[in-house]
Amino acid sequence: MAKFSHAMRTVLVASLIAGLSGCGEEEKKTPPPPPPAPLTVGGTVSGLAGGEVVLQLNSADELVVKADGKFKFPKPQAKGGAYAVTVKTQPNLPVKQTCAVNLGSGNIAAVAINNVDVACTTNTYAVGGTVSGLTAKSKGLVLELKGGNEAKIAKNGNFVFPDTRLPDGSDYSVAIKSTPAGQKCTIEAISDAPDTDTINVVAVTCAKKGRK
């Protein structure tokens, strides 16, 4: 019995050693945890009309975006650091646009920033011009824009079509719908606008009938 017990103890010890050895092998096979994701800053651009917008991060890193969709500044940022996304250059071709940034600033916690929203819209302008040659008694000068919108002109100077704005790059046509009694009015395109909010300016010149 003594020999039998000793043999059993030997077998048990060998089994324990084998088990411990197996556990060590399993621990060695456990892969290390993945590195933390880089703390980048990004978001979404929408509304681009074929041009490009240049974004800037913290007044330093620049990113050119040429199409709607996701964007991301490639340079990782420090955890806990502040970030601010701004527009450095607005889209200019094929049309002028203005892009506004929403949710563009804050502090970076433990995850990447991906909710910065950049929305672009095409600039719109008033349509108008100048009128000269009207007298104090002149009545009835009516100009027409694109066959629909009208502007009734009662005095000389700058004018704009009321309640009308056209997107940048739009086609336009201005015509004289009616003229004051006893006068003849002509219209021509000019390149000077009275302000930065008005485009496609025309000059209307009126004179007494019979005058050259």
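The values are calculated or read from the model by the stated rules, or taken from the named source; none is laboratory data. These numbers come from a predicted model, not from an experiment. Here the Cβ positions follow ideal geometry from the backbone for every residue, glycine too, while neighbour counts run over all protein chains shown.
Observations
- Screening the stretch 151-205 for residues that are part of a loop (DSSP other than H, G, I, E, B) and of a type in the set (F, W, Y) and picking the one that is nearest to N123 (Cα to Cα) gives Y172.
- Subset of the stretch 124-144 [outside any strand (DSSP E or B) and surrounded by 17 or more Cβ atoms within 10 Å (Cβ to Cβ)]: G133, L134, S138
Conditions tested, residue by residue: (1) at pLDDT 90 or above; (2) in contact with a Pro (Cβ under 6 Å, 6 or more places away or on another chain).
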| site | (1), (2) |
| --- | --- |
| R9 | no, no |
| A14 | no, no |
| C23 | no, no |
| K29 | no, no |
| P36 | no, no |
| P74 | yes, no |
| T86 | yes, no |
| Q97 | yes, yes |
| S105 | yes, no |
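- Residue pairs meeting the criteria (Cβ under 6 Å; at least 6 apart or on separate chains; first under 15 Å from P38 (Cα atoms), in the stretch 57-77; second surrounded by fewer than 13 Cβ atoms within 10 Å (Cβ to Cβ)): P76/P38
- Tally, over the stretch 179-191, of residues that are without any contact (Cβ under 8 Å) to a residue 40 or more places away in the chain and over 18 Å from N158 (Cα atoms): 2
- Screening the stretch 178-212 for residues that are surrounded by fewer than 14 Cβ atoms within 10 Å (Cβ to Cβ), of a type in the set (D, E, K, R) and over 30 Å from G51 (Cα atoms) and picking the one that is modelled with the lowest pLDDT gives K212.
- Looking at G140, G129, G69, G148, just one residue is of a type outside the set (A, V, I, L, M, F, W, C) and touching a Phe, Trp or Tyr at 6+ places or on another chain (Cβ under 7 Å), and that residue is G129.
- Search result, residues across the stretch 128-147 that are of a type in the set (K, R) and over 13 Å from Q183 (Cβ atoms): K146
- Of the criteria (1) more than 30 Å from P36 (Cβ to Cβ); (2) free of Cβ contacts under 8 Å to residues at least 24 places away in the same chain, which one S105 fails: (1)
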